[in-house]
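Take a look at the structure below.
The values are calculated or read from the model by the stated rules, or taken from the named source; none is laboratory data. Not measured: the values here are computed from a predicted model. Neighbour counts run over all protein chains shown; Cβ positions are idealised from the backbone, glycine included. Just the protein is used for accessible areas: all its heavy atoms, side chains included, with ligands, DNA and RNA removed. Shrake-Rupley method; radii C 1.70, N 1.55, O 1.52, S 1.80 Å.
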There are 2 protein chains.
Amino acid sequence: MSEPPARIGDGVDQILTPALVVDLDAFDANMAKMAGFAAEAGVRLRPHAKTHKSADIALMQIAEGAVGVCCQKLAEAEALVAAGVPDVMISNQVVGAARIARLARVAGQARLIVCADDVRPTQALSEACRAADTGIDVVVEIDVGQNRCGVPPGDPALGLALEIAALPHLNFAGVQAYHGSAQHYRSHAERRAAIDGVIAETRATVDLLAEHGLDCDIIGGAGTGTFKMEGTSGLYTEIQPGSYLFMDADYGRNKGEDGQPYAPFANSLFVLATIMSKTLPGQAVSDAGHKSYALDSGMPLVHGGPDLEVVSCSDEHGVIRDPEDTLKLEDRVWLIPGHCDPTVNLHDWFVGVRGGTVETLWPVTARGCLF
Amino acid sequence: MSEPPARIGDGVDQILTPALVVDLDAFDANMAKMAGFAAEAGVRLRPHAKTHKSADIALMQIAEGAVGVCCQKLAEAEALVAAGVPDVMISNQVVGAARIARLARVAGQARLIVCADDVRPTQALSEACRAADTGIDVVVEIDVGQNRCGVPPGDPALGLALEIAALPHLNFAGVQAYHGSAQHYRSHAERRAAIDGVIAETRATVDLLAEHGLDCDIIGGAGTGTFKMEGTSGLYTEIQPGSYLFMDADYGRNKGEDGQPYAPFANSLFVLATIMSKTLPGQAVSDAGHKSYALDSGMPLVHGGPDLEVVSCSDEHGVIRDPEDTLKLEDRVWLIPGHCDPTVNLHDWFVGVRGGTVETLWPVTARGCLF
């Protein structure tokens with residue numbers, strides 16, 4: 001693990017760059033706002049820890065009312081459980097004998113929930129749990145429009161659920177019904193239409209399961225782009241937003257119900273960068289390239305610099321259009337990542353700042369936990 | 001640092017995925033071929049360690065004849081020097097008082113070379129070296145067409161070189177003349193034309209410096225796309241290719257002098273992935289998304305699977321077009337990253353395999369060393 005880019009008590013100007021910096025006031029407000037929404041809506045909050053990969057943040061979320069967290073990988077779950085997180089759902093498939101044996105073992109250390117869309121891995125998991133003398137909750141992932149993983153809603157989901165419910169050491173716990181791409185549909189109407197369909201298909205599946213004696217304790221899904229829809233559906237029992245803590249620049253390209261940029265939460269995560277070269281008119285070069293922010297949702301935005309634009313980047317350089325030549329050597333720029341989750345995964349440390357001072361250093365506990 | 005995805009002696013089938021896997025036979029051949037080229041051309045080889053960030057690999061390259069390595073960041077240099085690498089060039093600007101003080105300190109532990117394109121950081125570096133009782137080699141970076149960092153060739157380069165040469169504790173060591181974008185110009189003729197221009201501008205600058213009594217021990221640059229051109233120019237004294245060890249999928253989109261795909265080296269680096277979901281006809285979903293390979297040069301290619309194509313991915317999922325439905329749950333696929341450097345930076349371990357067995361585990365020493 002690399003050295004932290006700052007020490008607690010440092011001034012913001014002393015942070016070595018590029019660094020992953022959290023505005024703690026905005027972060028705290030985001031965390032409280034989502035917890036408040038879930039409490040008011042009467043839905044359980046299980047935030048997605050693939051966003052932050054941090055045991056510190058997961059434990060804060062739980063202290064503020066979350067029932068647990070999601071993660072996406074076995075290795076993430078192992079890292080979070082080892083750091084004391086008591087309740088983890090892997091919102092993904094886990095396949096392969098070695099991983100399944102490890103999953104059964106970690107299920108002996110905390111509450112674990114895992115998704116399935118094929119019976120064979122669950123048969124192996126049942127056997128692994130027997131060998132490890134553990135048990136685990138399993139939810140059936142249904143494909144509600146993402147066309148990626150999951151069995152179709154309705155009869156195929158029922159068939160798999162019945163098979164899982166019959167397997168010893170596994171507890172059939174419900175359904176996972178997440179529509180990832182809908183989070184980034186640009187208009188409210190498109191998101192509303194997609195999630196209306198998701199809710200209808202999920203409700204029909206849950207009803208079908210109930211007819212066959214299978215109760216769904218967990219009806220889970222939802223992300224930062226649609227959480228109010230699933231959260232107030234009266235159907236979902238758990239919502240799983242992650243990005244709300246930080247807010248991707250990309251969410252600002254969505255429109256809310258009022259037609260304005262979708263901004264239910266404030267940007268709290270930045271890549272702090274330094275101008276390291278200024279030799280050409282109209283541009284400046286920062287020390288932050290795509291080894292410090294992810295590009296899958298586009299270039300980062302320059303916070304508070306309407307005329308400044310990251311126009312290109314390489315591994316360790318970011319070229320900023322600076323038409324008025326306002327940037328000088330050693331100036332700092334605050335970049336808003338296009339997509340926070342994979343940006344966090346590039347860093348070993350969150351530097352939490354408040355009032356111009358470094359208040360916290362949180363390790364990215366599960367960074368690089370890929371399997 | 002996350003747990004290695006395999007143990008030495010494991011079979012390839014036992015590697016937990018996604019994992020960064022090196023085909024050691026191809027890797028060894030690539031390393032030897034470039035060392036052989038440099039020896040034959042009579043040019044010093046200083047491979048770029050931003051590709052691998054590994055002290056183990058850097059020391060192997062030096063054992064095979066390299067004079068040292070390049071890196072791109074102070075923190076990378078610190079990590080490599082701490083692991084015993086004796087000669088490191090930071091092929092980049094280093095600015096800011098804290099970084100400059102650290103640079104002066106690490107210059108007391110190994111031979112260090114750094115680039116400059118502005119006199120102010122070098123004045124600060126001179127003072128920091130005085131305080132640390134060290135010295136450091138400084139090269140002037142000239143902008144030979146990348147339009148990013150560097151002073152213009154000719155008089156501006158001379159002016160900066162004279163200022164640096166006059167500063168105590170700094171040794172003016174030469175020029176850095178690297179044209180990064182030319183590495184990926186698709187035709188040989190385009191690359192040849194660009195590098196002819198680079199060589200002409202660099203030669204004129206070096207001659208001008210000589211007229212003013214400044215000798216360039218280092219005339220450095222070149223990458224995997226153009227190394228033969230700079231290496232046989234009679235001008236360059238050091239070539240700095242990095243990707244040749246692994247070969248990005250993107251280099252296969254270049255054409256060689258013969259019009260065939262540019263492949264002076266073999267692909268030796270793969271992201272090994274497992275099919276974790278197969279619920280829709282015509283596609284399979286792997287456990288490797290863009291948290292395990294970089295997307296800046298496009299999707300990874302599926303090795304040995306001409307009909308298989310990674311058509312989309314998210315953080316932890318890769319959707320593979322599988323028109324004949326040949327892939328089954330738990331099958332392995334070997335992915336060739338579009339761009340190896342930022343892909344390596346996502347992993348903590350190289351898993352080196354030979355003859356179907358895990359032979360080595362190399363930590364990615366400087367992973368996440370961003371500042």
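Distance cut-off 18 Å, Cα to Cα: go down the list A:Lys73/B:Lys50; A:Lys291/B:Lys255; A:Lys328/B:Lys73; A:Lys33/A:Lys228; A:Lys278/A:Lys328; A:Lys50/B:Lys53 and report the pairs above it. List each step's numbers first, then the result.
On the way: A:Lys73/B:Lys50 28 Å; A:Lys291/B:Lys255 27 Å; A:Lys328/B:Lys73 20 Å; A:Lys33/A:Lys228 12 Å; A:Lys278/A:Lys328 7 Å; A:Lys50/B:Lys53 25 Å.
Violating the 18 Å limit, Cα to Cα: A:Lys73/B:Lys50; A:Lys291/B:Lys255; A:Lys328/B:Lys73; A:Lys50/B:Lys53.
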message: How far, in nm to one decimal, is B:Gly159 from itself in the other copies if the label point is set 7 angstrom along Cα toward Cβ? Shortest first, please.
response: 7.7
query: Under the definition of Cα pairs under 8 Å and six or more residues apart, what whole-number percent is the relative contact order of segment B:269-333?
result: 42 percent
- prompt: A:Leu301's amide H: which non-local residues (gap 5+, or another chain) put their own amide H closer than 5 Å, with H modeled 1.01 Å from N in plane and none for Pro or chain starts?
  reply: A:Ile336, A:Gly338
field: J(HN,Hα) series, segment A:241-256, from Karplus relation 6.51 cos²θ - 1.76 cosθ + 1.60, nearest Hz, glycine and proline x
entry: x, x, 5, 4, 4, 10, 6, 5, 4, 4, 5, x, 7, 5, 10, x
For segment B:6-18, Karplus couplings with θ = phi - 60° (6.51, -1.76, 1.60), whole Hz, Gly/Pro x: 7, 10, 4, x, 4, x, 4, 5, 8, 5, 6, 10, x
- request: For segment A:277-319 and segment A:172-216, write down the distance between their C-alpha centroids in whole Å.
  value: 39 Å
query: If you take the alpha carbon radius of gyration of segment B:1-135 and divide it by 2.2 N^0.38 Å, what ratio comes out, to two decimals?
result: 1.26
field: Inter-copy separations for A:Gly234, label at 7 Å along Cα-Cβ, nm, ascending
entry: 8.6
task: Return the Cα extents of chain B along principal axes one, two and three, sorted largest first, each rounded to a whole Å.
output: 70, 44, 34
- prompt: So how long is each side of the protein assembly as shown along the principal axes, counting just the alpha-carbon atoms, biggest first, in Å?
  reply: 91, 57, 42
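If you take the accessible area of B alone plus A alone and subtract the pair, what total do you get in square angstrom, rounded to 100, with a 1.4 Å probe? Mind showing how you got there, number by number?
Details: alone 14910 and 14900 Å², together 24710 Å².
The summed interface area works out to 5100 Å².
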Calculated from backbone phi, Karplus (6.51, -1.76, 1.60) coupling profile of segment A:289-297 in Hz, x at Gly/Pro: x, 7, 7, 10, 8, 7, 10, 5, 10
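Quote the FRET efficiency, to the nearest 0.05, computed for A:Lys328 versus B:Asp325 with a Förster distance R0 of 56 Å and r equal to the Cβ-Cβ distance.
Once the sixth-power term is evaluated, E becomes 0.45.
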Centroid-to-centroid separation of segment A:330-348 and segment A:101-141 [C-alpha atoms, Å]: 35 Å
- request: Tell me which residues come under 5 Å, amide H to amide H, from A:Asp143 once H is placed; ignore anything under 5 positions away on its chain.
  value: A:Val151
query: Long-range amide H contacts for A:Ala19: which residues qualify at under 5 Å (H placed 1.01 Å from N, peptide plane, sequence gap of 5 or more or a different chain)?
result: A:Leu272
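Ratio of segment B:129-225's C-alpha Rg to 2.2 N^0.38 Å, to two decimals?
Numbers: Rg = 14.7 Å, N = 97, 2.2 N^0.38 = 12.5 Å.
Working it through for segment B:129-225, the quotient is 1.17.
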task: About the Cα centre of chain A, how large is the charge dipole given +1 on each Lys and Arg Cβ and -1 on each Asp and Glu Cβ? Please answer in debye to the nearest 20.
output: 400 debye
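Taking only C-alpha pairs under 8 Å that are 6+ residues apart, what is the relative contact order of chain B in percent?
Working: 858 pairs, mean separation 78.8, N = 371.
Result for chain B is 21 percent.
Please give the FRET efficiency for B:Asn171 paired with B:Thr357, using the beta carbon to beta carbon distance and R0 = 45 Å, rounded to the nearest 0.05. Spell out each step's value before the answer.
Numbers: r = 47 Å, r/R0 = 1.05.
Rounded to the nearest 0.05, the efficiency is 0.45.
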message: With equal scatterers on the alpha carbons only and no solvent term, can you work out the Debye log10 of I(q)/I(0) for segment A:228-371 at 0.16 1/Å?
response: -0.94
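Which is the longest run of chain A containing none of the trypsin sites (Lys or Arg not before Pro) found in DSSP loop states (not H, G, I, E, B) with at most 13 other C-beta atoms within 10 Å?
Working: sites that count: A:Arg7, A:Arg186, A:Lys328.
It runs A:8-185.
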Inter-copy separations for A:Ala200, label at 7 Å along Cα-Cβ, nm, ascending: 6.8
